[in-house]
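The values are calculated or read from the model by the stated rules, or taken from the named source; none is laboratory data. Just so we're clear, the structure is a prediction, and the values are computed from it rather than from any experiment. Positions of Cβ are generated from backbone atoms using ideal geometry, with glycine treated the same way; all protein chains shown enter the neighbour counts.
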Amino acid sequence: MTTPTDTGSETLLETGVEWDMPRYLRGLGGLSIFLAVWWVGALTTQPSYLVPGPVDSARAFVELFTTSTRIVAPLAGLELVLPTGLAHLTQTLFHYIPGLLLGAVCGSSLGLTMGWHGVLDDWLRPLVRVLRPIPPLAWVVFAIVWFGIHHTGAAFIVFVGAFWINFYAAYGGVEGVSDELTDAASTLGVERDLSMLKLVALPSAAPQLLTGFRTSIGRCWMIVVGAELFGAPGVGYEIINAANNLAMETSVAYMFLISLAFLTMDVGFRLLERRALAWR
Amino acid sequence: MALSDQSSEPADSGRKIVVDGVSKAYDSVQALSNVSLSVREGEFCCIVGPSGCGKTTLLRTIAGLEDADSGSILVDGDRVTDPGLDRGMVFQEYALFPWRTVRGNIRFGLDRPACECPDCEQRIRELLDLVGLSEFEDAYPKELSGGMKQRVGIARALAVDPEILLLDEPFGSVDARTRDRLHEELLDIWAETQQTVVFVTHDIDEAVKLADRIVVLDDDPGSVQSTVTVDVDRPRERTSQEFVDYVACIRAEFSHVTDTS
């Protein structure tokens, strides 16, 4: 399976972890040059909203945490008052997390079963071929008419995105289980298919499953922002909301917030992954 | 020299494994053609033959991992249809579960509900001792050398206490010195457990070193060429005249194989 995961964050992480001094300095240099170009560009561009400057953006970012906003948790109906940035991030997570988890569980379950069972594979393969290429955001129309463009609708779109990434990861992982290992297991008393799946196929496919999940963490951030541009509440919605008021520096602040949220999740999951796959 | 052809199989009682007229083809290639042989209870039997003579296929059929096209395999008089805990298998490329530690690999067969093991921990400790890997019980397979991996493979197969141990060129990818040590260890284990052992190899020296009886397979199609009983006291010295004679004798069988094919 191909994992079009962003190698950019990988390099970033490695630099941070190893503290390789020359690399660290070069990275800092690149960042400084970017900031300088951005700053000069912002100074020389009129009208100013075309390129909001780094200082204005930083100020807007700080403002996300100095003002507060009231949000309502779905289902529970609980009212929460949080710093504005966190409030909208929480709104996003209300549909991002359920969509991601449900999509990952359903996708990898179907992938495991199809990869393991030749007959089911025969039945479903053409259907998968047809459905798979549809970009998750294309489902937005059905998300709107079925669920309304609120948390549920956005969660549905995220679900679709997470589903396919995890599906293919699991499918490829199970297909790659070596016959030698299943042979060894059957000489050691594993008879039922389900035991073989649990004892051999699943652990053997774990690296692909985890990589698939990590890829879907990143991909679903792109999808969730897309879904929110259509009106679901959250950081994506705030980007376009601020832009509608020509407060472009606030849009930039939210973009940066998304980047931080994604990086945190990615790094966190990588650490988990490394522990879980210590045997590799 | 105790050379006998396939018709004069040991007719005495205690035949643990009986291979009766087994044939097997893959697509158009005939891997085994009417192979018959038997292995006595507690016997150490080596199957030698040139590569591609179907010796691995024969072993896998005894293990129940392959079905014969015709003929049958009997273990204790019962027909083999599936793998079973009565036949432990050691694989050429180890086939260890990489996500399990040494201990976890050895434990694998003991975790099956089919196996009644009142004191698993004790059993695992004994096995770790037996193969000399007590210090490495928490290591993952990737951290082990080839010889150590195969020790784990053997311990894992022994864990469920099978009556028959099947080994498929188990020491093919370890260096010569380690191989010698593993031979000694395997013979010690065999002496202790009294198991019936079927050991596949293409290395004649190895077969003469280990076996009570050597079955030479012909290739194309795989069939029994001859059987040689090795009547030399253990430990056997490679340099002894007897040893050299046996090796020469079997090599002659080999060249006969090559001449006629």
*asked:* I'd like the full set of residues that are hydrophobic (A, V, I, L, M, F, W, C) and in a loop (DSSP other than H, G, I, E, B), limited to segment B:19-72.
replied: B:Cys53, B:Leu65, B:Ala68
*Just to be sure, is B:Phe108 under 22 Å from the mean Cα position of the chain (by Cα), over 30 Å from B:Ser223 (Cα atoms) and within 8 Å of chain A (Cβ to nearest Cβ)?*
yes
*asked:* Would you confirm, using the coordinates I've provided, whether B:Ser173 is assigned to a strand (DSSP E or B) and either polar (S, T, N, Q) or at positive phi (or both)?
replied: no
*Which pairs do you get when a residue that is under 17 Å from A:Ile149 (Cβ atoms), found in segment A:80-96, comes within reach of a residue that is part of a strand (DSSP E or B), reach meaning Cβ atoms under 6 angstrom, with the pair 6+ apart or on two chains?*
A:Gln91/A:Ile71
*Please determine, by comparing only the residues of segment B:142-165 that are within 13 Å of chain A (Cβ to nearest Cβ) and more than 24 Å from B:Pro83 (Cα to Cα), which one is surrounded by the fewest Cβ atoms within 10 Å (Cβ to Cβ).*
B:Lys142
*Scan of segment A:135-163 for residues that are under 15 Å from A:Trp221 (Cα atoms), surrounded by fewer than 22 Cβ atoms within 10 Å (Cβ to Cβ) and touching a residue at least 60 places away in the same chain (Cβ under 8 Å), ordered by number*: A:Leu137
*Keeping to segment A:239-269, report how many residues are of a type outside the set (D, E, K, R), in a helix (DSSP H, G or I) and within 18 Å of A:Val62 (Cβ to Cβ).*
15
*Looking at (1) more than 9 Å from every other protein chain (Cβ to nearest Cβ); (2) outside any helix (DSSP H, G or I), can you tell me which one A:Gly189 breaks?*
(1)
*Answer with yes or no whether B:Leu182 is under 21 Å from B:Arg103 (Cα atoms), of a type outside the set (D, E, K, R), in a helix (DSSP H, G or I) and modelled with pLDDT of 90 or more.*
yes
*Hey, could you check segment B:36-89 for residues that are of a type in the set (S, T, N, Q) and under 15 Å from the mean Cα position of the chain (by Cα) and say which is farthest from the other protein chains (Cβ to nearest Cβ)?*
B:Ser38
*If B:Ile124 passes every condition in (1) surrounded by 15 or more Cβ atoms within 10 Å (Cβ to Cβ); (2) within 13 Å of another protein chain (Cβ to nearest Cβ); (3) within 24 Å of A:Met196 (Cα to Cα) but one, which one does it miss?*
(2)
